[in-house]
Structure formats: C-alpha cells, structure tokens
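Have a look at the structure below before the remarks.
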C-alpha cells in the first residue's frame with residue numbers, strides 16, 4: 001500500500017514539474033539561460049529513491065515534456081533517464097549522507113545533460129549554436145538549477161520522506177585493508 | 001535502465017523517420033490534447049505574477065522611455081502623412097495598370113489569436129506551443145506574427161494545439177528586404193547569442209545603413225516561393241560590415257519581437273485557402 005502511494009506521489013511530482021517546466025519555466029530566459037525544474041526534480045527524486053526510480057521518473061517526465069511541446073519523442077526521455085540513473089547511483093554510493101549532495105548532483109547533471117543534448121542534436125543532424133549553448137546558456141542554467149535545488153529537494157523530501165532503508169544496503173565500495 | 005534507454009532510442013528513431021500523421025505522431029497528438037488543460041491552467045496561474053514583474057521592471061525605464069517615445073511619435077506622425085499620400089498614389093497607379101499583386105498582408109489573411117502554452121524543454125529548440133490547432137483552421141507552414149512583427153511559422157499541428165518554430169531557430173530562413181535600399185537577403189539566426197539575427201547574402205552594391213528597417217520580402221519567384229507575405233516587420237539593422245574577401249555584406253539585425261517573453265501570437269490564415 002505504501003509503495004503504491006509512493007509511486008503515486010512520484011508520478012504527481014514529475015507530472016507537475018513537467019507541466020510547469022513546459023508552461024512556465026521554459027519561457028523564462030535570463031542571461032541567455034533558463035531554469036530546468038524537471039531536471040532538478042528528477043535529480044531530487046533519484047537521490048531520495050535511488051537509480052531505478054530516478055531512471056523511471058526521468059523517462060516519463062521527458063515523455064510528458066516531449067509530448068506537450070510536440071518535440072521529437074524520446075529525446076528528453078533519453079537524457080533524463082540517464083540523468084536520473086546517474087544521480088541515483090551517486091546518491092546510493094557516495095553522496096546521500098552529504099548535505100551538499102543535491103547541489104553537486106544538480107550542477108554536474110546540468111553540465112552532463114547539456115553536453116548529452118548537444119551530442120544528440122548533432123547526431124540527429126540538427127543545427128546547434130554550440131558556442132552559445134555551452135557558454136552563457138550553460139553557465140546561467142547551472143546557476144538557476146542550483147538555486148532551484150534547495151526548495152525542490154526540500155519539497156520532495158517532505159513529500160516522499162527520507163530514503164527507504166533498503167537502499168542503505170547498497171553498494172558503497174569499501175576498502176577492507 | 002537498459003529497457004528505458006532502448007525504448008527512448010526506438011521512439012526517437014520512429015519519431016524522426018515517421019511522416020506527419022503517422023501512428024506515433026497521432027499518439028503524441030492525443031497526449032498533447034490531454035495535457036493542454038494543464039498547460040493552460042498553469043499559464044493562467046502564473047500570468048499575474050509575470051505581469052506584475054513586467055510592471056515593476058518597466059517602471060525603472062519608464063521616464064527615459066516616455067521621452068524617447070514622444071520624439072518617435074512626432075517623427076512617425078509626419079511620416080504617416082507622407083505615407084498616406086504615397087499609398088493613395090500607389091493604389092491609383094496600380095488600378096491604372098491593372099497590377100496583379102500576390103496575397104498582401106494583412107488584408108488577405110484571417111487572424112487566429114492564440115495564447116502561448118508551452119515552451120521548449122531545452123535551449124536547443126526555439127519552438128513554442130500555442131493553444132489553437134487544426135480545428136481553428138491552422139495548417140503547417142502558416143506564418144505567425146504578433147504586434148511587434150514576425151514570430152515564425154507553424155511546424156506541427158494537432159487538433160487543439162500547434163507548434164511554432166521561431167525566427168531565432170537554427171533551421172529558419174526568411175527572405176527579407178531592407179526597406180530603405182531595396183536590398184534583399186535571407187534572415188537567419190545570428191549565432192551570437194540572445195535574439196540577434198543576421199541578414200545574409202546582401203550584395204555589396206547596396207548601401208545598407210544602421211537603423212534601416214527590415215521586412216519580409218514575400219518572394220514569389222522560383223519553385224519555392226516564400227511562406228511569408230511581403231511587408232511583415234522583422235527588425236532594425238544594428239551593424240553593417242564587409243571585407244574585401246567577403247562576397248556579401250555582413251548585416252546584423254535586432255528583431256522587434258521579444259522572443260523571450262511571448263505570451264500570445266497571431267496565426268495568419270490565407271483567406272483564399274480551401275479548407
């Protein structure tokens with residue numbers, strides 16, 4: 001029962017984040033960049049619920065965003081699946097107990113997400129202003145996303161609760177010498 | 001994880017290769033229709049806050065702006081009188097010559113007003129989604145404008161929503177005309193960041209100057225006539241450069257449209273189109 005409720009909460013968070021990103025945050029452009037609420041929410045969920053949940057909410061969040069914007073289906077899903085998996089893995093192995101983990105995760109994932117997006121668009125044969133995207137837009141995006149991390153992570157933690165104990169079994173590499 | 005990646009790659013492949021109206025496109029269309037109320041609701045909730053921010057931000061520049069607008073208003077009033085005379089003379093001469101003109105803007109187009117309800121998920125797509133679609137008569141390639149000038153064109157439609165690819169998108173090219181000199185060229189993304197545009201393929205013999213007005217050329221020649229009617233404002237020239245090795249001038253344009261804060265747009269439907 002509690003797992004079903006947890007899944008429902010995850011679905012609600014990612015749906016709200018995707019709709020707000022598409023309808024509101026995507027339209028804000030300051031200093032060449034804009035915040036990515038959906039990416040921050042996926043990273044926060046991945047840190048709190050692990051790799052599998054991170055990858056799944058990333059996939060479905062991306063699907064909602066691509067559907068709502070009539071974009072290439074699967075593109076944002078692929079990127080956010082990777083982002084969710086990486087953040088979840090970071091949380092499970094090294095980062096979860098550290099207070100700076102959400103900020104570090106969001107900053108790193110924003111950079112990797114942007115690089116991944118550049119590569120995907122180039123592979124698909126689309127023209128990309130690489131200089132602009134990897135310059136001022138990326139810098140502004142990292143700053144906005146880091147600022148969003150504090151309220152979003154706090155809200156997700158309040159709604160979802162702390163990470164379940166089953167995740168604690170994983171998977172840290174220990175030196176036994 | 002692996003399954004999700006394979007699924008995403010499969011969707012990208014199908015979505016990219018599929019013709020418009022294919023099965024995946026239809027599923028996306030149904031999804032977009034289902035999400036539309038949520039997007040419209042979110043946009044309406046946020047609009048008062050956005051308006052309030054705009055109001056306070058406008059206060060800082062209001063005094064200087066008012067003086068500039070007063071001077072501009074005086075200049076435009078004088079120009080309007082001259083243009084009214086020229087327009088009447090032009091109309092008379094066209095009647096004499098029985099001149100056959102292509103569809104003109106705005107008289108030969110029916111407007112469809114629509115709110116912007118979706119913005120791109122990343123910096124790469126210069127596209128927005130609007131709350132009007134096929135049921136309103138909108139078709140792919142219809143021109144989109146707002147009160148300031150050319151915004152872009154329709155690149156995808158569902159029954160209730162449509163995707164607008166903006167003028168600032170890397171893939172957009174618009175044949176354009178410098179009103180002051182008659183020089184023609186192609187307007188495209190400036191690649192310099194922000195909303196800058198460039199006018200390319202402008203021959204060196206034209207004396208294009210800063211502050212020249214650039215509008216759509218509405219070229220009807222060749223096998224691929226322009227999608228945009230003649231005379232829609234695009235922007236104003238901010239820089240003109242050339243070197244001995246260049247074949248063409250380098251012309252930068254500041255667009256009239258603020259692409260970063262699009263709230264509503266107007267889709268132009270040709271009146272003579274059969275539905």
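The values are calculated or read from the model by the stated rules, or taken from the named source; none is laboratory data. Because the structure is a prediction, the values reported are computed rather than measured. Cβ placement follows ideal geometry from the backbone for every residue including glycine, while neighbour counts extend to all protein chains displayed.
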Practice item. Answer with yes or no whether residue B:187 is closer than 30 Å to residue B:118 by Cβ, surrounded by 15 or more Cβ atoms within 10 Å (Cβ to Cβ), in contact with a strand residue (DSSP E or B) (Cβ under 9 Å, 6 or more places away or on another chain) and touching a residue at least 60 places away in the same chain (Cβ under 8 Å). Key: yes
Check your understanding: Which one of the conditions (1) facing chain A (nearest Cβ under 8 Å); (2) surrounded by fewer than 20 Cβ atoms within 10 Å (Cβ to Cβ) does residue B:147 fail to meet, given that it meets all the rest?
Key -> (1)
Point to revise | Of all residues in the stretch A:126-140 being buried (at least 18 other Cβ atoms within 10 Å of the Cβ) and in contact with a helix residue (DSSP H, G or I) (Cβ under 7 Å, 6 or more places away or on another chain), the one that is farthest from the other protein chains (Cβ to nearest Cβ) | key: A:138
Check your understanding: Does residue A:99 count as within 8 Å of another protein chain (Cβ to nearest Cβ) and over 23 Å from residue B:43 (Cα atoms)?
Key -> no
Review point. Identify, please: which residue in the stretch A:12-26 is surrounded by fewer than 21 Cβ atoms within 10 Å (Cβ to Cβ) and out of contact with any helix residue (DSSP H, G or I) (no Cβ under 7 Å at 6 or more places or on another chain) and is, among those, farthest from the other protein chains (Cβ to nearest Cβ)?
Key: A:12
Check your understanding: Just for the stretch B:242-262: of the residues that are exposed (fewer than 15 other Cβ atoms within 10 Å of the Cβ) and in a loop (DSSP other than H, G, I, E, B), which one is nearest to the chain's Cα centre (by Cα)?
Key -> B:258
Revision key, fill the gap. Reported set for the stretch A:71-82 where residues are over 15 Å from the mean Cα position of the chain (by Cα) and either more than 7 Å from chain B (Cβ to nearest Cβ) or surrounded by 24 or more Cβ atoms within 10 Å (Cβ to Cβ) (or both) is A:71, A:73, A:74
Exercise for review: Tell me, please, whether a residue that is crowded, with 20+ Cβ neighbours inside 10 Å and over 15 Å from the mean Cα position of the chain (by Cα) can be found in the stretch A:141-161.
Suggested key: no
**Study point:** Looking only at the stretch A:29-50, and only at residues there that are within 23 Å of residue B:40 (Cα to Cα) and at the interface with chain B (Cβ under 8 Å from one of its Cβ atoms), the one that is surrounded by the fewest Cβ atoms within 10 Å (Cβ to Cβ)
**Key:** A:29
Study note, to complete from the structure: Residues of the stretch A:113-125 being exposed (fewer than 15 other Cβ atoms within 10 Å of the Cβ) and free of Cβ contacts under 8 Å to residues at least 40 places away in the same chain, in sequence order, are A:115, A:119, A:122, A:123, A:125
Check your understanding: Can you tell me which of B:3, B:24, B:38, B:9 is at the interface with chain A (Cβ under 9 Å from one of its Cβ atoms), within 27 Å of residue A:120 (Cα to Cα) and modelled with pLDDT of 85 or more?
Key -> B:9
Point to revise | Matching option when the condition is closer than 24 Å to residue B:128 by Cα and outside the structural domain of residue B:272 (by TED's automatic domain parsing), among B:116, B:46, B:81 | key: B:46
